[in-house]
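Shown next, in structure tokens, is the structure this report addresses.
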Amino acid sequence: MAIECLPFIEKNSKILDIGCGSGIVGYILKEFFKADLIGVDIIDRRVKNIPFLVIDGENLPFSENFFDFSFISYVLHHAKNQKKLLEEAKRVSKKIIVFEDLADGLFNKILCFIHQLTYKIFQKDSKIVFKNKNDWKRSFEEVGLKIIFEKEIFPVFYFLFPQKRILFILEKEK
């Protein structure tokens, strides 16, 4: 993911890793870009020691444009209120990087459904909302975000789990 972001993130950037989970990806971004990085999530599940705050999943306790980037990696489909989280990411950062699974086509819809079922085993009250590319684009437009770059992602082990994935680079509409 860091390599995919290389054309967009400058060294020494301030990055907010929203839904940082284990902190592994945030740690890699921090080291790769020599970034000032903070991770946030609704529960502390870090295995890597990165600066961290617990949040409620909707409100980000930072001032306007505090970060150069908000990094949202395979998290939006888990958000209870995707729109609110995107609005907050837009408020606190200059640009937003989103990696997401896509529910485009029957095969990918089935894979997203399986993901949803397996996740509910661990999080009974969870609501997962997968979207197709056009639905994500509409969601970004609704909160005043413009797509400046998009690319379908094919991870190294794509043949083992061929879920369709995408990278969006977003900025505030002027």
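The values are calculated or read from the model by the stated rules, or taken from the named source; none is laboratory data. What you see is a predicted model; the values in this text were computed from it and never measured. Cβ coordinates were reconstructed from backbone atoms using ideal geometry, including for glycine residues, and neighbour counts include every protein chain displayed. Accessible surface is based on the protein model in full, side chains and every heavy atom, while ligands, DNA and RNA are left aside. Shrake-Rupley method; radii C 1.70, N 1.55, O 1.52, S 1.80 Å.
Here I147 fulfils each of the conditions (1) surrounded by 14 or more Cβ atoms within 10 Å (Cβ to Cβ); (2) in a helix (DSSP H, G or I); (3) modelled with pLDDT of 95 or more apart from (2).
Each residue in region 82-120 was checked for being at pLDDT 70 or above and touching a helix residue (DSSP H, G or I) at 6+ places or on another chain (Cβ under 9 Å), and 13 pass. Checked against (1) assigned to a helix (DSSP H, G or I); (2) modelled with pLDDT of 85 or more, L170 meets all criteria but (1). Selection of region 22-55 for residues being closer than 23 Å to H78 by Cβ, small (G, A, S) and open to solvent by less than 20 Å² (accessible area, probe 1.4 Å) yields G23, G26, G39.
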